[in-house]
Amino acid sequence: SGAALMDVLEGAKQLCPAPEECTTFAWAGLRFDRPVGWETGQLGRNHGWLEADFKPVMEFKTAVVRGRFSFRRHLKQLTRGSSLRLEPRDLPPTWQPLLSAFDTRGFRWQGPRLGGDGLILHCPVCRRATLLQFYRTGAAASHAVTTVLGSFNDHGADRRPSVAVYDIQATVPENLPLAGFRFESGRFELVYGDRRRQLTLWRWSPADTALRHHRDSLRAFARRNGLPADPGSSGPGQRRDQGLEWRWPVRRDWRDRLPSPFRRRLAPNVFRIWHCQASNRILAVRGDGPIEYEVFAEVCRSYATVS
């Protein structure tokens, strides 16, 4: 029951069962340690859930709030148009020191089939409000929940990585916001930036299957998947860090002086692709527009696959 779960949580004293069992989860401005057995479920721009054994264990929704924040209004919005029943309750004593940096409200929730315990966090520094709902399943054990809460944060310039979902992680500068993403079987794509400049990250899997149909291996695969249709004078690609890199000269003409809505697509700047043989993945990063090469190279260094 929900009461039993809360009682167990109150007696929990260990934030993480073992360092090697905790991996980082980072998405939508949130970052926390992901307990062993918990996997990325499904993601939206500002929400998502994690699962264990194909069952949901945690759901989150987050947004930066403009103006005055009201816990009461947000709890009403949670139940509006849904069949959820909420019962406010105090946080367990063991949760309180973990969340001292936030204004918090706890509650118990019950839906038609599933229920659990949750809380709303509001950070007075960055003004982000986050809803966390823990499902009443066996995987939502005391040490797992306190692992999440004890490591939870929603701002900070030095947080690395800035994205860590499924089997990838990377650190992208805060001034390049997430503009779009697609997670498909065998192919991930994340786009950061705006109309002036963009960084695109790809991941393909499994690599051996993806490369099987390309005579020139990684070079041919790159030209079919990550490079612009007209590579121009970028050359055959230079070898770098177990992969290949293409760079384009800066090209300026009258179209670059047009207002943003009338400009052509962003001019390619630099593209790097490499084969992670240990994980059987292909990773790639492309910069379009005036992306500084040092920024691009740092993102490439941070981009990796994780188990």
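The values are calculated or read from the model by the stated rules, or taken from the named source; none is laboratory data. The structure displayed is predicted, hence computed values, not measured ones. Note: ideal-geometry Cβ built from the backbone for every residue, glycine included; neighbour counts use all protein chains shown. These accessible areas exclude ligands, DNA and RNA; they are computed on the full protein's heavy atoms, side chains included. Shrake-Rupley method; radii C 1.70, N 1.55, O 1.52, S 1.80 Å.
Tabulated results
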item: A267 vs. criteria modelled with pLDDT under 90, of a type outside the set (S, T, Y), buried (at least 17 other Cβ atoms within 10 Å of the Cβ) and on the phi < 0 side of the Ramachandran plot; result: yes
item: Matching residues in region 278-292 - criterion: being open to solvent by 50 Å² or more (accessible area, probe 1.4 Å) and out of contact with any Asp or Glu (no Cβ under 9 Å at 6 or more places or on another chain); result: A278, P290, E292
item: Residue in region 123-132 that is farther than 21 Å from R31 by Cβ and in contact (Cβ under 8 Å) with a residue 40 or more places away in the chain present; result: no
item: Number of the condition not met by A141 [criteria: (1) at pLDDT 85 or above; (2) in contact with a Pro (Cβ under 9 Å, 6 or more places away or on another chain)]; result: (1)
item: So I291, is it within 18 Å of N175 (Cβ to Cβ), touching a strand residue (DSSP E or B) at 6+ places or on another chain (Cβ under 8 Å), at pLDDT 90 or above and hydrophobic (A, V, I, L, M, F, W, C); result: yes
item: Qualifying positions in region 37-72 - more than 17 Å from the chain's Cα centre (by Cα) and either open to solvent by less than 10 Å² (accessible area, probe 1.4 Å) or touching a residue at least 40 places away in the same chain (Cβ under 8 Å) (or both); result: G37, A52, D53, K55, P56, V57, V65, R66, F69, F71
item: Residues that are of a type in the set (G, A, S), assigned to a loop (DSSP other than H, G, I, E, B) and touching a strand residue (DSSP E or B) at 6+ places or on another chain (Cβ under 8 Å), drawn from region 157-199; result: S162, G186
item: Residue match in region 213-220 (condition: within 23 Å of the chain's Cα centre (by Cα) and open to solvent by 20 Å² or more (accessible area, probe 1.4 Å)); result: no
item: Qualifying residues in region 94-112 (those that are part of a loop (DSSP other than H, G, I, E, B) and within 22 Å of P124 (Cβ to Cβ)) - the one modelled with the lowest pLDDT; result: W95
item: Of residues in region 221-244 being modelled with pLDDT of 80 or more and either in contact with a helix residue (DSSP H, G or I) (Cβ under 9 Å, 6 or more places away or on another chain) or open to solvent by 30 Å² or more (accessible area, probe 1.4 Å) (or both), the one nearest to R187 (Cα to Cα); result: N225
item: Where a residue in region 98-115 is farther than 14 Å from E59 by Cβ and in contact (Cβ under 8 Å) with a residue 40 or more places away in the chain and its partner, wherever it lies, is β-branched (V, I, T) and crowded, with 16+ Cβ neighbours inside 10 Å, with Cβ under 7 Å and at least six apart; result: L98/T146
item: Evaluation of L178 against (1) modelled with pLDDT of 95 or more; (2) buried (at least 19 other Cβ atoms within 10 Å of the Cβ) (one fails), failing number; result: (2)
